[in-house]
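Asks: Quick one: the structure is below, questions incoming.
The values are calculated or read from the model by the stated rules, or taken from the named source; none is laboratory data. Everything numeric here is computed off the predicted structure, so don't read it as measured data. Because the Cβ atoms are built from the backbone with ideal geometry, glycine has one as well, and the counts that use them run over all protein chains shown. Side chains are part of the model used for accessible areas, which takes the heavy atoms of the whole protein and leaves out ligands, DNA and RNA. Shrake-Rupley method; radii C 1.70, N 1.55, O 1.52, S 1.80 Å.
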Amino acid sequence: MPHVVTENCTGCRFTDCVTVCPVSCFHGDDDRVYIDPVACIDCGACVPLCPVAAISEDLNLTDDRLEWIEINADKASALPVVREKQAPFPGAEARRASVAGRA
Amino acid sequence: MNPEKTTVKGACPQDCPDTCAFIYTVENGRLIDVQGDPKHPVTQGRLCTKLNDFAKHHYNPDRLIYPMKRVGPKGAGEFERISWAEALGEIRNRWARIIDEFGSKAIMPCSYLGQEGVLNGLTVGDAFFNRLGSTIAEKTFCGVGREVGTHLTIGPSTGVDPESLIHSRYIVLWAVNTLSTGNHHWPFIAEAKRRGAKIVAIDPLRSRTATQADWHIPIRPGTDAALALGMMNIIISEGLFDRDYVERYTVGFDELAARAAEYPVELVSAITGIPEQDILTLSREYATQAPAVIRLGVAIERSRNGGQASRAINCLPALVGAWRHVGGGYLGLTLSAFAMKWDAMCRPDWIKEDPRVLNLNNLGKVLLETSDPPIKSLMVYNHNPLVQSPDQERIKKGLLREDLFLVVSDLFVTDTAKYADIILPATMQAEQTDLMFSWGHFYWTYNNKAIESPGEAVPNTQLFRLLAETMGFNEPEWRRTDEEMIRDFIDWESPMMQGISFEALQQNGYMRTAVGDKDARAPHAEGNFPTPSGKCEFKSSLAEQGDFVPSPFRAGYEAMQDGSYIDPLPTYIPPFESRDSAPQIAAKYPLNIISPKAHGFLNSQYANEIKQRKRQGDPILIIHPEDARPRGIGNGDTVKVFNDRGAFIGAAILSTDTIRGVVASYLGHWGTDSRAKSAVNSISSDRAANMGRAPTFSDNLVEVAKVDSEAIEALSMGARRAAIAEHA
Ligand code: SF4
Ligand code: SF4
């Protein structure tokens, strides 16, 4: 039972998270990233680095978001590792601002 | 409203090699967050799953914040709040009476590293108890056997810098689960891997670390020395050793070669359970892929031959000349980079004439069998022996003795504290000052006090000041502040302290000892081993003095050592308990058990936090499907694990993560939480390994049987009844 990346990642891709992960847990496609639950050691380092609060510890997920556990496991096993920071998507900054506004 | 938010630099207090640098965030006097300091070169801003909720841990409603006295029967856990004055008065009266009647040796401290730190850690009570004249407690729970093995071979070397691991090409993680018990080495290992290094894990269990390694070599518990000797035999006979290095910087090569020749690969394979081809490949790769480094874990020592296993492994780097290179050699304990004045901390000069030394790994025996004088009072701090120590059932019996006066200082009512007569409340790290050494990297870390302590909790330093006053000790040492003590405890003139001052430490939070540049450092490229000969001693000259425990682990006391025979050459002797070495025990209890550290707990700490318990789950027993099948055990079944010493309950996990004949259960769960009221160490023997009086947690045979819930109730009732009957 690991950390998971949830809906907010899509369309953002700040990927500060991938640079801090000690075990290279993050796998991704063109849209977003997922965490490999086997490798994740629950160190929590990625959580504060996500500007749009997309990463959550599984134990902190609300019931309606539990599906992300399985999605992360499935996607991560099928996608390549992402270790380097990617260029954020256009519009990501606006999302960051809106999430910060809500917080 | 504009709340005042400040940050304060701190350090993790736990018995973990990483000693992470903290940043505490405090708002209106309340600790609201603890994060890693992102600037720290090794810990890099990350903590771990144990400490991520550390701010909340300070406010756990179960915290002990007032002194308490027992009001119910022993062990019932019924307490009532009292004042510090009453608590100290009671301690004074009881101890004075005991000293009158039995002498001061009838009192004994019982502590370890529930809290690290120059002030509040390993040695915090030593000066007090030496002054009191108590029995000296030898504290050899963790690492001392491995260290004596290292000491006899390469001396108290600082070893390889973990930051230099990025230069390694071949990394052997031996008896260590880095990702669970010291994860901050991993980024350096991972970087080495990206640069082309091969990562090998040698472990009976496919741990998280073994899963991430390039190659996992499962090995039978307690047979590592045979593997190391077998590797040396192959390396020597195939001419893969570094002849020039061996000639210049080692002693005893011919004798070592003769000893290693007794371990041909077929024999080693039969002993260790590792296929011959794997042993050959490992030996050849290790000898030829430079720089090669061995990171050796504490688990190496936890069998009868533990000390010699460490000895044998410590010979390997010199044999292949690994020390010539940056990132080559051996990484064990980094402690000797930290210039502490152990004698100023422990005050062995205060020890009274004719002292007595007893080893805490035998606590059950100590409480039940010691005479002349018997132990009439035990003071436990920084420690929860009922979970951490072997031979749990006998410790329980000892703690139930009506005539034993038990004082416990802790953060929570632990399994052990339940038995106390007097409980004293201790502070948590953000509420106290300390300076932390590390045993896994080269940085001092300063812990600034960030918040006030809750209720009437006191730091350990203050606890012993109060006790000293209570017992009428008048020396000026008892009136020092924490800062003055730190100044007295560090050898500021040591070359390792170059460029480091007290003020700078306080301000920067962490500072690197002067061990040299991580990208150029090869401490034994030209020998310079801190041994009597200055060389790597394949044949150990220090072995002659017999077995010993370094003085910091026995209140600074040097004399009255165990002294039992140590073979000057690395050797293999089989475990006390295995199918081959103890067929009679094995007929009844055919499975070897190991009890590795849990990912979610730090020893028994954090095992009382709801979140950690959710993550770690209930106690489990990992068992190979082929061992489970004949016992009718299915995945998830409740099983009883038992031998003549005790029993515990767990959920069976059928998995090939373990090898046939070996079961595993994680350490840390509190017995009081379990339906059987016991934990894994109920089955552990209190026998010592062959060096440093190390415990033998991986050298125990058990049987496993499926149980239904009624049987569990009966077991738990039976255990309680038996204990009550014994002392009624
Ligand atoms: S919690 Fe740690 S290990 Fe898990 S994905 Fe985040 S950074 Fe990686
Ligand atoms: S327990 Fe170890 S890894 Fe976790 S925060 Fe403390 S020092 Fe760091």
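Asks: Would it be correct to say that B:Ala652 is open to solvent by less than 40 Å² (accessible area, probe 1.4 Å) and part of a strand (DSSP E or B)?
Replies: The answer is yes for B:Ala652.
Asks: Is region B:19-27 home to any residue that is more than 16 Å from ligand 1 (Cβ to nearest atom), of a type in the set (Asp, Glu) and open to solvent by less than 30 Å² (accessible area, probe 1.4 Å)?
Replies: No, because not a single residue in region B:19-27 is more than 16 Å from ligand 1 (Cβ to nearest atom), of a type in the set (Asp, Glu) and open to solvent by less than 30 Å² (accessible area, probe 1.4 Å).
Asks: Grab the strands (runs of 3 or more DSSP E) fully contained in region B:1-105, keeping just those with 2 or more residues being more than 20 Å from B:Val413 (Cα to Cα) and either more than 16 Å from ligand 2 (Cβ to nearest atom) or away from chain A (no Cβ under 13 Å) (or both).
Replies: B:5-11, B:21-27, B:30-36
Asks: If you go through region B:58-90, how many residues are over 30 Å from the mean Cα position of the chain (by Cα), open to solvent by less than 40 Å² (accessible area, probe 1.4 Å) and not aromatic (Phe, Trp, Tyr)?
Replies: Final tally of qualifying residues: 5.
Asks: While we're looking at this one, here's another question. Just to check your reading of the model, which residue among B:Gly121, B:Gly117 is assigned to a loop (DSSP other than H, G, I, E, B), touching a residue at least 40 places away in the same chain (Cβ under 8 Å) and at positive phi?
Replies: The unique qualifying residue is B:Gly117.
Asks: Go through region B:560-597 and give me each residue that's in contact (Cβ under 8 Å) with a residue 12 or more places away in the chain and of a type in the set (Gly, Ala, Ser).
Replies: B:Gly563, B:Ser564, B:Ser578, B:Ala582, B:Ala586, B:Ser595
Asks: From (1) open to solvent by 80 Å² or more (accessible area, probe 1.4 Å); (2) out of contact with any strand residue (DSSP E or B) (no Cβ under 7 Å at 6 or more places or on another chain), pick out the condition that doesn't hold for A:Ala92.
Replies: The one condition A:Ala92 does not meet is (1).
Asks: Give the residue, chosen from A:Gly91, A:Gly11, A:Gly44, that is within 16 Å of ligand 2 (Cβ to nearest atom) and small (Gly, Ala, Ser).
Replies: A:Gly44
Asks: Another question, if that's okay. Residues that are open to solvent by less than 10 Å² (accessible area, probe 1.4 Å) and over 23 Å from B:Lys56 (Cα atoms): which strands (runs of 3 or more DSSP E) entirely in region B:401-443 hold 3 or more of them?
Replies: In region B:401-443, the matching strands (runs of 3 or more DSSP E) lie at B:405-410.
Asks: Do we have B:Asp403 as within 18 Å of B:Ser604 (Cβ to Cβ), at pLDDT 95 or above and of a type in the set (D, E, K, R) here?
Replies: So B:Asp403 does not fit the description; no.
Asks: Does A:Arg65 satisfy being away from ligand 1 (no atom under 13 Å from the Cβ), in contact with a Ser or Thr (Cβ under 7 Å, 6 or more places away or on another chain) and of a type outside the set (A, V, I, L, M, F, W, C)?
Replies: Answer is yes for this residue.
Asks: So, in region A:1-21, of the ones that are farther than 20 Å from A:Pro90 by Cβ and open to solvent by 10 Å² or more (accessible area, probe 1.4 Å), which residue ends up nearest to ligand 1 (Cβ to nearest atom)?
Replies: A:Cys21
Asks: Something else about it: What number of residues within region B:93-108 are open to solvent by less than 50 Å² (accessible area, probe 1.4 Å) and of a type in the set (Val, Ile, Thr)?
Replies: Residues meeting the conditions: 2.
Asks: Which of the residues spanning region B:197-219 are away from chain A (no Cβ under 14 Å), of a type outside the set (A, V, I, L, M) and surrounded by 22 or more Cβ atoms within 10 Å (Cβ to Cβ)?
Replies: B:Asp203, B:Pro204
Asks: Answer yes or no as to whether B:Gly499 is part of a loop (DSSP other than H, G, I, E, B) and farther than 26 Å from B:Val408 by Cβ.
Replies: Answer is yes for this residue.
Asks: Go through region B:588-617 and report how many residues are more than 13 Å from chain A (Cβ to nearest Cβ) and either away from ligand 2 (no atom under 16 Å from the Cβ) or in a loop (DSSP other than H, G, I, E, B) (or both).
Replies: 13
Asks: Given B:Asn233, B:Asn183, which one is open to solvent by 20 Å² or more (accessible area, probe 1.4 Å) and either out of contact with any Phe, Trp or Tyr (no Cβ under 7 Å at 6 or more places or on another chain) or not basic (Lys, Arg) (or both)?
Replies: So the residue among B:Asn233, B:Asn183 that is open to solvent by 20 Å² or more (accessible area, probe 1.4 Å) and either out of contact with any Phe, Trp or Tyr (no Cβ under 7 Å at 6 or more places or on another chain) or not basic (Lys, Arg) (or both) is B:Asn233.
Asks: Out of A:Ala39, A:Ala97, report the one residue that is within 14 Å of chain B (Cβ to nearest Cβ) and either aliphatic (A, V, I, L, M) or free of Cβ contacts under 8 Å to residues at least 12 places away in the same chain (or both).
Replies: Result: A:Ala39 is the single residue among A:Ala39, A:Ala97 that is within 14 Å of chain B (Cβ to nearest Cβ) and either aliphatic (A, V, I, L, M) or free of Cβ contacts under 8 Å to residues at least 12 places away in the same chain (or both).
Asks: Scan A:Val99, A:Val81, A:Val47, A:Val38 and give me the residue that is of a type in the set (Val, Ile, Thr), surrounded by fewer than 18 Cβ atoms within 10 Å (Cβ to Cβ) and more than 15 Å from ligand 1 (Cβ to nearest atom).
Replies: So the residue among A:Val99, A:Val81, A:Val47, A:Val38 that is of a type in the set (Val, Ile, Thr), surrounded by fewer than 18 Cβ atoms within 10 Å (Cβ to Cβ) and more than 15 Å from ligand 1 (Cβ to nearest atom) is A:Val99.
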